[in-house]
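Heads up, the thing below is written out as structure tokens.
The values are calculated or read from the model by the stated rules, or taken from the named source; none is laboratory data. In this text the structure is predicted, and so the values were computed from the model without any measurement. Virtual Cβ from ideal backbone geometry, glycine too; neighbours counted across all protein chains shown. Ligands, DNA and RNA are stripped out before the accessible areas are found, and what is left, the full protein with its side chains, is counted by its heavy atoms. Shrake-Rupley method; radii C 1.70, N 1.55, O 1.52, S 1.80 Å.
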Amino acid sequence: MAGDSNPTASATTLEDLTVGALVHGLSTSGPVTVVATKWHGSVALTLTCRDSAGAVSERVLYRNDEAALRVEVSTRGWSFTADGDLFRLAAEARRIQLAHLFDPMLAISLSQVDPLPHQIQAVYGELLPRQPLRFLLADDPGAGKTIMAGLYAKELILRGDLARCLIVAPGGLVGQWQEELYDKFGLIFEILTRDAIEASLTANPFEDKNLLIARLDHLSRNDDLQAKLAETDWDLIVVDEAHRMAAHWFGGEVKETRRYQLGKLLGSITRNLLLMTATPHAGKEEDFQLFLALLDSDRFEGRFRDGVHTVDVSDLMRRMIKEKLLRMDGRPLFPERIASTVPYELSPLEQALYDEVTTYVTEEMNRADRLAAEGEGRRGNRVGFALTVLQRRLASSPEAIYQSLRRRRERLERDLIDARQKARLAAQEPSDRRLGRLLADLERPTRGTDEDDEFEDRVDDLAEDEREELEEELVDTASAARTAQELEFEIATLKRLEDLAGRVRAARTDRKWSELVSILDEQPEMRHADGTRRKLIVFTEHRDTLNYLVERLRDRLGRPDAVVLIHGGTSREERRGIQERFMQDKDCTVLVATDAAGEGLNLQRAHLLINYDLPGIRTGSSSGSVVSTASDRPRSVICGTSSPRTPARAGVPDAAHQAGGAAQGSVWTGVRRARRCLQGRTVARPAPPGDPVWRSAGGAQRHQ
């Protein structure tokens with residue numbers, strides 16, 4: 001702290017010009033510092049001085065020059081008269097800057113989290129010591145990898161080592177990332193949207209924002225965005241669900257997906273790269289080595305040969321399974337999980353509907369394949385996807401298939417008016433411009449090649465609300481009809497199917513619903529010892545089935561407030577309120593939800609889950625949001641599977657066992673579903689009647 005300094009109020013004399021004095025009046029550029037003096041008698045002296053620029057000069061001063069001089073003097077070397085509040089602020093800022101030297105886990109103290117032992121070990125034992133970081137975090141689902149990434153980023157910020165951070169995640173998870181980083185760590189990340197791109201002042205949104213979240217496929221399919229991204233640099237890039245950035249050996253050549261190429265770009269523009277996935281290995285060692293090349297291209301150069309190459313990856317990745325995850329007191333983190341299936345027989349009317357819709361889907365799939373063979377690949381993809389969704393809805397509920405058939409028939413009837421004026425029909429474009437742009441983006445041809453990047457995979461990467469809207473649009477409009485006569489024939493078929501579905505719906509003999517009622521009323525796990533109902537979550541894939549279940553459950557329980565629902569159109573604020581009510585209100589016992597409940601909501605109060613639709617579609621992954629660690633009570637997961645009395649026809653897999661797989665030869669084959677399951681999608685295999693029940697404990701499947 002500097003001392004008290006100001007020009008003297010009294011007149012300055014030559015005797016005041018001592019070595020070190022600061023003198024005003026000798027230079028127009030400001031005060032000068034006295035370097036040396038030499039007296040000539042008592043009336044004059046030679047003064048050697050240095051100005052603020054460091055230039056040294058001499059001049060002779062006389063008594064009559066004293067009036068123009070002013071000397072700054074200090075009463076003492078350290079006066080301590082400066083503003084104490086400012087000094088305290090500066091000292092506190094410096095203390096915070098160095099706080100990590102005194103508290104190596106400072107981020108934990110400043111975050112709204114109670115980290116578990118494996119999370120602390122990951123961040124402070126694996127990630128922070130590695131500079132620069134190239135690491136794969138591959139713990140099992142439910143281990144809290146988002147918490148680990150947030151802690152790591154927060155710690156780097158506190159240490160002054162992170163200013164720019166990019167999170168890359170699938171579209172359905174970006175909202176969850178944004179919310180958890182803010183709620184738990186106070187980090188304000190912005191999501192890269194089309195509006196943000198258009199509003200960028202620099203024409204490069206990656207330059208504008210230091211904390212950013214982007215959708216994986218939004219980047220991988222857009223070459224312009226990648227060019228702008230390549231012009232930036234980052235302190236940390238985190239990639240969630242990183243196993244999607246896959247590459248494969250085909251013959252002697254590497255086939256890189258667009259996502260894999262994006263992964264290579266991300267690694268080249270960041271100092272620290274963190275990949276996160278629960279399924280790093282898809283069964284092929286050579287493809288796994290290609291995946292690890294994103295972290296260290298030199299070490300994993302060339303094709304892996306079993307028996308010749310051995311690579312230690314312990315310095316690049318960490319893998320912890322659920323059985324090894326413990327609480328602070330040493331108890332297992334996850335209680336036992338009991339999964340079972342409930343087989344049931346379709347009623348004769350339901351069986352007839354199943355057969356008729358299966359025949360319709362088979363015939364339309366074959367027509368879609370012919371479209372693709374004749375060069376209308378995009379239209380064939382749309383039709384194939386729409387029919388796949390229709391088949392899944394058939395397996396979901398009578399309400400879902402009835403409403404889908406009705407909307408499709410009404411939309412095609414409107415299209416028929418235009419069709420009569422045209423010789424050949426083209427693919428119908430969405431009436432909503434936003435959906436039209438979204439569909440065009442999904443179908444945009446870009447570089448790269450891989451079967452993983454087909455149309456259905458791209459749709460899966462959308463946010464829940466966008467995916468629901470797009471599915472509805474395509475199911476209602478996508479048709480393989482090429483003439484007005486073909487469209488008329490399809491509408492007649494839809495009318496017949498709609499009438500049959502309406503009779504099934506009106507009969508109210510839904511066998512799947514009957515089994516659900518039996519579970520609710522007869523299973524002892526559904527009630528507490530005092531007879532009151534336990535909390536229950538019911539997942540379904542389709543909005544129509546959700547509305548159907550909510551209505552019937554409220555009637556069954558006799559209290560409308562006993563059932564709440566969450567779907568893709570539910571805003572985040574509403575979801576939070578519904579979650580809070582479900583967790584805290586003892587009278588609210590059932591939550592019915594689509595995948596939206598799995599996006600950013602912690603529903604760990606309930607330990608009972610029913611997958612009304614088969615897991616292995618998207619609902620299987622939703623059970624991850626109910627991985628309860630708050631109780632030692634075993635978790636029960638139940639899914640239902642129908643058992644049609646006739647085999648699948650014309651190459652169409654059983655709707656209940658394959659959840660809507662499409663016709664043989666189309667892009668929607670059972671092989672792709674099996675491969676996607678092997679790559680880590682949560683799947684509980686439906687058990688046909690008479691098969692042993694599949695159960696799991698601690699997340700590991702075993703056959704009993």
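If you take the beta carbon distance between Glu58 and Leu89 as r and set R0 to 60 Å, what does 1/(1 + (r/R0)^6) give as a FRET efficiency, to the nearest 0.05? Efficiency computed from Cβ-Cβ geometry: 0.85.
Each peptide among 229-241, 311-323 gets the average number of other Cβ atoms lying within 10 Å of its residues, and from highest to lowest they stand as 229-241, 311-323.
Count Lys and Arg as plus one, Asp and Glu as minus one, and take only other residues whose Cβ is under 10 Å from that of Leu294; the net charge is then +1. Cross-link reach is defined here as a Cα-Cα straight distance under 22 Å, omitting same-chain residues fewer than 8 places apart; for Lys284 the lysines meeting it are Lys255, Lys264.
Ranked by the mean number of other Cβ atoms within 10 Å per residue, highest first, peptides 245-255, 82-92 order as 245-255, 82-92.
Listed by chain and number, the lysines whose C-alpha is less than 23 Å from the C-alpha of Lys154, apart from same-chain residues fewer than 8 away, are Lys145, Lys184, Lys209. Note on Lys586: aspartates and glutamates with a C-alpha under 12 Å away, same-chain residues under 8 apart excluded, are Asp561. Note that region 38-118 presents 72 Å² accessible area per residue, ligands and nucleic acids not counted, probe 1.4 Å.
From the square roots a ≥ b ≥ c of the eigenvalues of the alpha-carbon gyration tensor of region 262-333, which class results: rounded (a/c under 1.5), prolate (a/b over b/c), or oblate? In terms of gyration-tensor shape, oblate.
If you take the square roots of the eigenvalues of the alpha-carbon gyration tensor of region 94-153 and sort them as a ≥ b ≥ c, do you get rounded (a/c under 1.5), prolate (a/b over b/c) or oblate? Mind showing how you got there, number by number?
Working: a/c = 2.50, a/b = 1.48, b/c = 1.70.
It comes out oblate by the Cα gyration axes.
Could you please state how large a percent of the accessible area of region 486-548 is carbon and sulfur, counting protein chains only and using a 1.4 Å probe? Here carbon and sulfur together make up 48 percent of the probe-accessible area.
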